[in-house]
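All remarks here apply to the structure that follows.
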Amino acid sequence: MVNYQEQIAELEAEIKKTQYNKATQHHIGLVKAKIAKLREKDAARSSKSGPKTGYQVRKTGDGTVILLGFPSTGKSTLLNALCGTESEVGAYAFTTLTVVPGTLQYKHARIQILDVPGIVAGAGSGKGRGKEVLACMRNADLCLFVADCLRPEERWVIEHEANNVGIRLNQVRPDVQITRRIRGGVKVLKTCKLNKITEETIVAVCREFRLNNADVLIREDITVDQLIDCIENNKKYMPAITVFNKMDLVDAKEQRKLKKEYGVDLFVSAKEGKNIKQLRELIFDHLDLMQIFLKEPGKEADMDVPLIMFRESSVETLCNKLHKDFVQKFKFARVWGASARFDGQKLMLGHVLADGDVVEVHLS
Ligand SMILES: Nc1nc2c(ncn2[C@@H]2O[C@H](COP(=O)(O)OP(=O)(O)O)[C@@H](O)[C@H]2O)c(=O)[nH]1
Ligand SMILES: [Mg+2]
């Protein structure tokens, strides 16, 4: 059997020893395309042979956060501190063997937090339980990196592994539109100057993916990695927060140094309950949630208990959240607030709501 991992490693080594400059840019781009293709083949093979169940956790609540980190960084302790649930805590590596869900209730939102087995280097290639952890991650709305202040370098390893299995953290999908054609070759259309990639490389990378006839419309200055992501079109883009736990073990000076070097969003101590309140707020913020208030026809709106939804949600999403029959029976909605042009505007299912809106659903 072909060993894709070996081939990938060889190509990665080749990139490492090639100095990046205008002359080598094109060649490196093509090697990157080859690596991406090998990763796809490797993933396709292991999804056929690997276990499928065991890590599927049903999504509940208003958003799902996954805790990711090496063993013994304090994930189970942190879950307990955040949610007040009892996750099994132990001083050994690999104490958490299955997914332990907890619920964080904050500002009327019910946020599901998942504690999963520790990730190790090489997880993307099937080492440890990493593959399942990363598969579970694809279902989450927010990723929370948990690192230990005394082992800061692990922070990059986790990000790297996530990247290898097609998860793009804190990135947005680049503005590139690819339309297949029957003939005409690869045509590059751009609305801005491209500094990081040449047209020649774009065409060559497309060919590498058997895209021989296509219009490639580019609206931002992309890298070759971003182009490959757009061609493959199966990446998951999600936000991430980096938390360094065990802040009780390092002094303020060391924390400042770590913050600069490792892009730490927040230092916490799960064991001593330090900065847990700030972490709850950070999670709520990064899930990009909004509050919607409901009103029954002829009555005052209930401004005490909001419904929690993701930003940019539509009236249809709201109806689905309220009752399974609501979309079918839907006549129209009246909306007050930022998304309405005037108070009580009559709007349909496709309308996108805004934070703080008051909505009255009319059914037939
Ligand atoms: N000093 C210190 N130790 C902690 C902290 N949080 C967790 N620990 C300890 O780190 C060890 C591993 O914790 P655990 O939650 O099981 O880590 P997990 O493997 O990532 O789930 C345990 O001995 C905890 O008591 C903290 O904030 N400070
Ligand atoms: Mg644990």
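Computed from backbone phi, the HN-Hα couplings of the range 269-284 come to 10, 5, 5, 9, x, 8, 6, 5, 4, 4, 5, 4, 5, 4, 5, 4 Hz, rounded to whole numbers (Karplus: 6.51 cos²θ - 1.76 cosθ + 1.60, θ = phi - 60°; Gly and Pro given as x). Residue pairs exceeding 28 angstrom between C-alpha atoms, taken from K22/K190; K235/K324; K17/K37; K321/K346: K235/K324.
Compare the peptides 357-364, 175-182 by average per-residue count of other Cβ atoms within 10 angstrom and give them in order, highest first.
Details: 357-364: 17.6, 175-182: 12.4.
Result, highest mean Cβ count within 10 Å first: 357-364, 175-182.
Scalar couplings 3J(HN,Hα) for the range 29-39, obtained by applying the Karplus form with A = 6.51, B = -1.76, C = 1.60 to θ = phi - 60°, are x, 5, 5, 4, 5, 4, 4, 4, 5, 5, 4 Hz; x denotes Gly and Pro.
Subtracting the Cα-Cα distance of N170 and L322 from their residue separation scaled by 0.36 nm leaves 51.6 nm. Dipole orientation for the chain: of the candidates I228, I182, T317, I182 has the Cα lying most toward the positive pole (charges on Cβ; Lys, Arg +1; Asp, Glu -1).
With a 1.4 Å probe and all protein chains left in place, how much accessible area per residue does the chain have, in Å²? Don't skip to the answer; put the middle values down first.
Values: 19360 Å² over 364 residues.
On a per-residue basis, 53 Å².
One decimal place: the segment Q105-E296 gains 66.2 nm when fully extended, by the rule 0.36 nm per residue minus the C-alpha distance. Note that the range 168-173 has calculated 3J(HN,Hα) couplings of 10, 8, 6, 10, 10, 4 Hz, one per residue in order, obtained from phi through the Karplus relation 6.51 cos²θ - 1.76 cosθ + 1.60 (θ = phi - 60°); glycine and proline are x.
The Cβ shell under 14 Å around D288 holds other residues with a net charge of -4, Lys and Arg each +1, Asp and Glu each -1.
Amide H contacts for S314 (H built 1.01 Å from N in the peptide plane; partners 5 or more residues away or on another chain; cut-off under 5 Å): L353.
Full extension of the chain between L211 and D304 gives 28.0 nm of extra length, using 0.36 nm per residue less the Cα-Cα distance.
Here the simple spin-label model places points 7 Å from the Cα toward Cβ, and for L249 and Q7 these points are separated by 4.1 nm. Each Lys and Arg Cβ is given +1 and each Asp and Glu Cβ -1; about its Cα centre, the chain then shows a dipole of about 1080 debye.
Given a 1.4 angstrom probe, I'd like the percentage of the accessible area of the chain that is carbon and sulfur, rounded to a whole number. If you can, show how the numbers build up before the last one.
On the way: 9740 of 19360 Å².
Carbon-and-sulfur percentage of accessible area, whole number: 50.
The values are calculated or read from the model by the stated rules, or taken from the named source; none is laboratory data. Quick caveat: nothing in here was measured; it's all calculated off a predicted structure. Note that each Cβ is placed from the backbone with ideal geometry, even for glycine, and that neighbours are counted across all protein chains shown. Surface accessibility is based on the protein's heavy atoms, side chains included, excluding ligands, DNA and RNA. Shrake-Rupley method; radii C 1.70, N 1.55, O 1.52, S 1.80 Å.
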